């Protein structure tokens, strides 16, 4: 899902830019955007991506590329540029080349970086990662083609209004991010009065992409609602062949709108789900609270399966909620430890496959080493086994080395 989201985020701009402003034609009837422009932009992007991989210059290079596109995006907002003039054609092609290079470089560097640990074996994770990219590209292609066809059939003024809004969003995004990148690298000064608003915009820069999606969806919905309707008077003057051709043209516009809205809804829906839910940092599973009996915590472990993992908590007399782990490793041995380590404190551990993963630093702990001291291993906790029952004394729990990492006020969450 991450690869799907990133592909949509980087490339949806190209779709709306090509489909709305790029749908305009020059006075000679030639399209503003040609195949060499897109191929050249992709080639530039791939070269930049490899430079990013070898040298840590992405922030600066990306900022410069985005600022370089702003004059051409600005030129496209002038009336002379939106009527198919030579200035408009040059501005459109230059902006497209720079946008294509910058977005391709960003996406390619993301794919290269994330693929480094997936190229050794053809596993499910590898297939899902690259499958997400393929699905996103397919949806973007469908959305681009159908939106371009709709733009070619809609009233000129509405099309240019939508194009102007998209270009204005792109211009704002590029100015903010480009200036911020130069300021981070010490090439320009960032006045104190502008620091707060600039940082606020940068922290919410992803919403520019969602705004573009919303504009494209509104435009597609408008094309559907205000599509051409069959005129009975006009149809009566047509012969059967012309009437069928006329009706087919109207139905085709309706189908383009439906297909575009479907593709845009899927892209926006999955992207929103990822951003709101799936990309959240991992959280600890709830701990099962235990009550002491005669100064002992008793846990039946006879029916635990190999690699079964449980998190427990006990509230001591001082109000401290002390969490600890119980794990049955693959050999069948019961292991116990505090849900904390000497380096990262009480952030806790997650069970991923056969390993425990520290929530604070991401260190993977091999399950059979739980209960041993050292490194980022969970702090050992003494216990005893009595006929399939795990026994931990309250004294051992509250006076052990790991108890000092827990404080009162409820269970620690991350």
request  = Answer yes or no as to whether residue 252 is under 40 Å from the mean Cα position of the chain (by Cα) and within 30 Å of residue 152 (Cα to Cα).
outcome  = yes
ask   = Name the residues in the stretch 328-353 that are closer than 18 Å to residue 283 by Cα, surrounded by fewer than 20 Cβ atoms within 10 Å (Cβ to Cβ) and in contact with a helix residue (DSSP H, G or I) (Cβ under 6 Å, 6 or more places away or on another chain), would you?
value = 345
request  = For the stretch 373-395, name all the residues that are over 15 Å from residue 299 (Cα atoms) and either part of a helix (DSSP H, G or I) or not assigned by TED's automatic domain parsing to the domain that holds residue 350 (or both).
outcome  = 395
inquiry  = Which count do you get for residues in the stretch 33-75 that are under 16 Å from residue 167 (Cβ atoms) and either modelled with pLDDT of 75 or more or in a helix (DSSP H, G or I) (or both)?
reply    = 10
message = Return the residues of the stretch 354-363 that are under 14 Å from residue 376 (Cβ atoms), surrounded by fewer than 24 Cβ atoms within 10 Å (Cβ to Cβ) and either modelled with pLDDT of 85 or more or touching a strand residue (DSSP E or B) at 6+ places or on another chain (Cβ under 8 Å) (or both); say none if nothing qualifies.
response = 355, 357, 358, 359, 360, 363
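Let's see how each residue does on (1) without any contact (Cβ under 8 Å) to a residue 60 or more places away in the chain; (2) within 18 Å of residue 399 (Cα to Cα):
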site: 296; (1), (2): no, yes
site: 309; (1), (2): yes, no
site: 313; (1), (2): no, yes
site: 318; (1), (2): no, yes
site: 325; (1), (2): yes, yes
site: 340; (1), (2): no, yes
site: 364; (1), (2): yes, no
site: 376; (1), (2): yes, no
key: helices (runs of 4 or more DSSP H) completely within the stretch 134-235 that count 3 or more residues being farther than 22 Å from residue 66 by Cα   = 156-184, 206-225
request  = Tally the residues that are out of contact with any strand residue (DSSP E or B) (no Cβ under 9 Å at 6 or more places or on another chain) and either assigned to a strand (DSSP E or B) or under 25 Å from residue 406 (Cβ atoms) (or both), restricting the search to the stretch 291-316.
outcome  = 2
request  = Return yes or no: is residue 223 free of Cβ contacts under 8 Å to residues at least 40 places away in the same chain, under 27 Å from residue 91 (Cβ atoms) and surrounded by 13 or more Cβ atoms within 10 Å (Cβ to Cβ)?
outcome  = no
remark   = Among 203, 185, 239, the single one that is in the same structural domain as residue 16 (by TED's automatic domain parsing), within 30 Å of the chain's Cα centre (by Cα) and surrounded by fewer than 12 Cβ atoms within 10 Å (Cβ to Cβ) is 203
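The values are calculated or read from the model by the stated rules, or taken from the named source; none is laboratory data. Treat the numbers as computed from the prediction; the structure is a model and nothing was measured. Note that we place each Cβ from the backbone using ideal geometry, even for glycine, and neighbour counts take in every protein chain shown.
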